[in-house]
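The values are calculated or read from the model by the stated rules, or taken from the named source; none is laboratory data. Just so it is clear, the model here is predicted, and its values are computed rather than measured. A quick note on method: Cβ atoms are made from the backbone with ideal geometry, for glycine too, and the neighbour counts reach across all protein chains shown.
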Amino acid sequence: MRNAKTYDIGTERSVGETNKMIRNTYMLLSMTLVFSAVTAGISMAMNPPFIVYLASVIGSFIMLFILNKKQNSAAALPMVFAFTGMMGFGLGPLLNHYLGLPNGADIVMTAMGMTAITFLGLSAFVLSSKKDFSFMGGFLSAGIMVALIAMVALFVLPMFGVDIGMAHLALSALVVLLMCGFILYDTSNIVNGHYTNYIMATVSLYLNIYNLFVHLMSLLGFMNDD
């Protein structure tokens with residue numbers, strides 16, 4: 001009887017910790033998305049050159065490395081807002097680019113709506129079913145490596161006069177699929193207790209949403225191109 005009771009108490013504590021993890025993660029995610037939207041709006045008003053977007057992408061890799069080292073320190077929380085604020089500010093030139101296209105506002109709003117529906121739908125599925133998608137980790141990691149190599153190639157090949165129009169479309173489609181997979185994977189890891197740090201869980205979900213939105217805009221922009 002004592003062993004059974006100990007097991008019940010441990011299970012109750014585990015469920016409580018998991019619920020707290022979920023609550024903290026989604027609360028922080030909501031705040032960072034709002035903050036990112038604010039910095040994106042400021043960036044759009046300032047209208048900086050497109051290189052600011054590229055700089056934010058490069059800077060994000062550096063910030064991720066630092067965040068990973070500081071995830072359990074008091075500095076982690078302000079660093080998350082610095083990271084998402086930087087990403088939002090870098091998004092400004094990209095949004096201005098799409099808004100300058102024919103039907104640009106429709107492209108941006110459609111991509112935003114599709115991102116929200118996809119994220120909420122996939123998250124709700126995992127939260128309700130509690131299905132474990134951790135088995136997808138190896139496949140998703142391999143996919144990201146392919147996507148990173150493709151991004152480098154798409155940056156270099158135009159220097160040699162290679163037409164990469166359709167390759168951009170294929171890359172965006174790949175990233176959209178990968179981000180859908182990562183939403184399932186990361187949400188599953190939060191729900192099933194594989195993630196124990198809500199700071200890094202928030203960053204993971206934020207990046208899924210960010211990249212999904214950016215590459216949905218790319219796909220819609222390509223489809224809009226006559």
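The table below lists the values:
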read-out	value
Any hit, the range 180-194, residues being under 25 Å from L99 (Cβ atoms), aliphatic (A, V, I, L, M) and in contact (Cβ under 8 Å) with a residue 12 or more places away in the chain	no
Matching residues in the range 26-55 - criterion: being of a type in the set (S, T, Y) and within 20 Å of I199 (Cβ to Cβ)	Y26, S30, T32, S36, T39
K131, sole failed condition from (1) farther than 24 Å from N192 by Cα; (2) in a loop (DSSP other than H, G, I, E, B)	(1)
Which numbered condition A173 misses (of (1) closer than 25 Å to P49 by Cβ; (2) without any contact (Cβ under 8 Å) to a residue 60 or more places away in the chain; (3) in contact with a helix residue (DSSP H, G or I) (Cβ under 7 Å, 6 or more places away or on another chain); (4) surrounded by fewer than 16 Cβ atoms within 10 Å (Cβ to Cβ))	(1)
Pairs with Cβ under 7 Å, 6+ apart, first in the range 18-42 and over 14 Å from V191 (Cβ atoms), second among the aromatic types (F, W, Y) and surrounded by fewer than 18 Cβ atoms within 10 Å (Cβ to Cβ)	T32/F81; F35/F81
Residue, modelled with the lowest pLDDT, within the range 1-50, restricted to residues that are surrounded by 11 or more Cβ atoms within 10 Å (Cβ to Cβ) and in a loop (DSSP other than H, G, I, E, B)	F50
Residue within the range 162-185 that is within 14 Å of the chain's Cα centre (by Cα), assigned to a helix (DSSP H, G or I) and more than 22 Å from L148 (Cβ to Cβ) present	no
All positions within the range 54-95 that are of a type in the set (G, A, S), more than 17 Å from M44 (Cβ to Cβ) and in a helix (DSSP H, G or I)	G59, S60, A76, A82
Subset of the range 84-124 that is among the hydrophobic types (A, V, I, L, M, F, W, C) and touching a Leu at 6+ places or on another chain (Cβ under 8 Å) - its residue that is surrounded by the fewest Cβ atoms within 10 Å (Cβ to Cβ)	A105
Meets criteria (in a helix (DSSP H, G or I), free of Cβ contacts under 8 Å to residues at least 24 places away in the same chain and among the polar types (S, T, N, Q)) for S218	no
Residue count for the range 165-199, restricted to those that are in contact with a Leu (Cβ under 9 Å, 6 or more places away or on another chain), modelled with pLDDT of 90 or more and of a type outside the set (G, A, S)	16
